[in-house]
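Notes for the one structure printed next.
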Amino acid sequence: MILRIRVAIPTYNNPETIAEVTLRALRETPFPVHVLDDGSTKPVEEILRAEAAAGGAELAAALASGRLKVTRWPENQGKGRAISRGFAEAVADGFTHLITLDGDGQHHPHEALRLAEIAKAHPWDLVIGARKFESDTVPGISKFGRKFSNHWVGYQTGAIVSDSQSGFRLYPLFRVQNLRFFTRKYDFEIEVLIRLIWAGAGVREVEIDVYYPKPEDRVSHFHKFRDNARISLLNTILVVVSLLKTHRSPRQLATAIGVGVLVGTTPFFGMHFLIGGALAFVFRLNAAAVFLGTQISIPPLAPFLALASVLTGHRILSVFAVVDPIDDIKGSLGHEILEGAIHHFGLWFLGSLVVGVVLALVFGFLTYFAAKRFRPQAGWSGRTRGGRFGNALMIFILRRLGLRTAYFCLLFIIPYFYLFAPKARHAAQEYWRVLRPAAGVFERQYLVMAHLYRFGQVLLDRIFQSFHAEPMFQSRSEGGEKIVAIDRERRGLICVASHAGAWDLAASLLKNRGFAGQFHMVHYHANGLRFDDFKGKDEEHLAPVKSNDDQPIFRIREALAAGGTVGLMGDRPLGNQFELVPFFGKLAPFDVTPFRLGAACDVPVLFTFGFKARESGFYEFFATPERKYAYGAASEAKALRCYEWVGGYVNELERMVARHPDQWFNFFPFWSTVPAGEAEGKSKNHLAEELRRPVAPAVG
């Protein structure tokens, strides 16, 4: 993967230092620089252009070439808001990482290279420049603030961070782009750190030097009371959130449920909530699970728990004090009311501890095994939902009652999937948030339901077609003749498809237009694709090939050498050959394997799409003009060429999906899930600037 890094410098009223910091960033790093002027009294761009006019040739050249970019907001919004907008602009411009450093001269820009080196090995992690606080000029409040902040970050996340307040950071934009923030001042850097850790990002640190001028020369916009109050309020909110949404492993949930059950069996009615909350805070338990466990004492269980606890307490005393439980109860009735109440409360409390421990163990073990059993899978499985009975019923309806009746049945089936297929629902929610960011909550739910309904129709169409030898749908083709011509010439062809629409069904209709060859379709295989079982004669030319080992590459080469046509998906990378490319304004991983194969095998490549048309019974097939890809001169970096090529595919895919937005069937968190190969550390990463360096000619 290519790492495309930008340096961002947020600044507010740093007229004495901003030009020097910007110039040093240009000189000491190879990265583009983005100055974020957060409403400075004197616009930063004026300062930089004045410096350039006074002989700053490097500044002038950087401004002219676009390597230096300045964005200004007319009013001061806060450092956090400026950085947040810097994130959005960096993603829109195609950068994968953003390095932030302060505009007051505190940080040394050349150390950005050290952060970038760590990012090459860990591109999905946040990299922090941990400041050395050895100088006498370091303010005492900064030292205290860092220790205070580190403690609460550790409490809220369980991560050990040595400098949680450092502004010198490298952010993985793929992780950041899906986060939402409510802070906008200095507290933003704490919030983004914690939210990234919650989102699964690791934290890497490298020790850096820091410059603090003498107090009389120091310029700071940090307000001791206001900003410290904001940070304290933020920590309070995040502590509550962390207790509700984190610590959710099977073991942690079982422990929290057990503690809640133990608290719920005690006789402190009305205080279970407070006691459970205190224990969750002290022992860092999932508060929601603790509160759920305390509900064991709600009616009608409460009287039975109380009776069981009192009898257990009497039994314990009878064992150690030779007291008969029933006689003791009868005898105590003659005591004074207060004395009797205290006596029975003590028995109740003692017995509740024993009963509570037993019930806590029982419910804890049940929770553990249930959480293990129903724990969501970490990655894509390729599985479709629906049991054998449900699938068999739909097949029966299709065979006996026809396609329209099956469509009607979907009206009752789709709500079930909406409720009980959370991964698909969440993926669809993410998709519509990207595609329709202005849509409200209720409108988005309607879009998701309509989306699932369209998906169901396409699945039924596939099965229905598999029952018949002759085509059951009409087709319109735009560019399909190119595939037919190449197939007749036996030149070999790679078709790059996607999980949008029904490419396979639309392609199967090409035989009506003269296609007589065989498609070698490479499926992303995870325990088999459900509907492969229902392929009929009309789909026999779609030969599935498992793509979880090296064998498919050799089979693909053989098929291409024999003049065959091979189809690969470009929008679901399962290996380590991919690039992050802007797709509908957000970074997404796309496979470069089709383009590498095309260049290596010297065969044409084209992009294909198939969609269910608005008219009933029609499918549309699209194919772009063929193109041959070649790496060119030896000095050209292959990775950069692949990035350009996959960018062309993404542009075409975006255009097609925009025309058929309800047929994006990649029900997977596409904009937020790290590809499997990268997660396993298999990918080789490079800085874009390294790849652009000219290669020295060989000697000898």
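Bear in mind that the values in this text are calculations on the coordinates, not laboratory data. Please read all numbers here as calculations on a predicted model, not as lab measurements. Here the Cβ is made from the backbone with ideal geometry for all residues, glycine too, and neighbour counts use every protein chain on show.
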Percentage relative contact order, the stretch 587-663, counting C-alpha pairs under 8 Å, at least six apart: 31 percent
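Thr71 to Arg375: extension gain in nm, 0.36 nm per residue of separation minus the Cα-Cα distance?
Values: separation 304, 0.36 × 304 = 109.44 nm, distance 4.50 nm.
Extending this stretch completely gives an extra 104.9 nm.
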Ascending count of other beta-carbon atoms within 10 Å, so fewest first, for Trp348, Trp124: Trp124, Trp348
Fewest-first ranking of Ile397, Ile298, using other Cβ atoms within 10 Å as the exposure measure: Ile298, Ile397
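So, with +1 on the Cβ of K and R and -1 on the Cβ of D and E, and no other charges, what is the size of the charge dipole of the stretch 423-509 about its Cα centre, to the nearest 20 debye? List each step's numbers first, then the result.
On the way: 12 positive and 9 negative charges, 65 e Å.
For the stretch 423-509, the charge dipole is close to 320 debye.
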Ascending count of other beta-carbon atoms within 10 Å, so fewest first, for Val362, Val239: Val362, Val239
Cut-off under 5 Å, modelled amide H: who pairs with Ala130 long-range: Val206, Glu207, Ile208
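Work out the length of the dipole vector of the stretch 388-466 about its Cα centre, built from +1 on the beta-carbon of each Lys and Arg and -1 on the beta-carbon of each Asp and Glu, and round it to the nearest 20 debye. Provide the component values of the computation, followed by the final result.
Working: 11 positive and 3 negative charges, 33 e Å.
Approximately 160 debye in magnitude.
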Farthest toward positive dipole pole in the stretch 2-239 [+1 Lys/Arg, -1 Asp/Glu at C-beta], among Phe95, His151, Ala60: His151
Simple label model, 7 Å out from Cα along Cβ direction - Leu411 to Thr236, nm: 5.2 nm
Spatial separation of Cα centroids for the stretch 392-406 and the stretch 249-292, in angstrom: 50 Å
Length added when fully stretched, Asp602-Leu435, from 0.36 nm per residue minus Cα-Cα: 56.5 nm
Between the stretch 593-638 and the stretch 10-87, the alpha-carbon center distance in angstrom: 41 Å
Average projection area in nm² (convex hull over Cα atoms of the stretch 387-471, one quarter of hull surface): 6.4 nm²
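Compute the length gained on full extension between Arg557 and Lys143: take 0.36 nm times their separation in residues and subtract their Cα-Cα distance, giving the result in nm to one decimal. Can you show the working numbers first?
Values: separation 414, 0.36 × 414 = 149.04 nm, distance 6.11 nm.
Separation in residues times 0.36 nm, less the Cα-Cα distance, equals 142.9 nm.
Could you tell me which of the pairs Lys423/Lys612; Lys147/Lys372; Lys147/Lys586; Lys69/Lys586; Lys42/Lys132; Lys79/Lys147 are separated by over 29 angstrom between their Cα atoms in the structure shown?
Over 29 Å apart, Cα to Cα: Lys147/Lys372; Lys147/Lys586; Lys42/Lys132.
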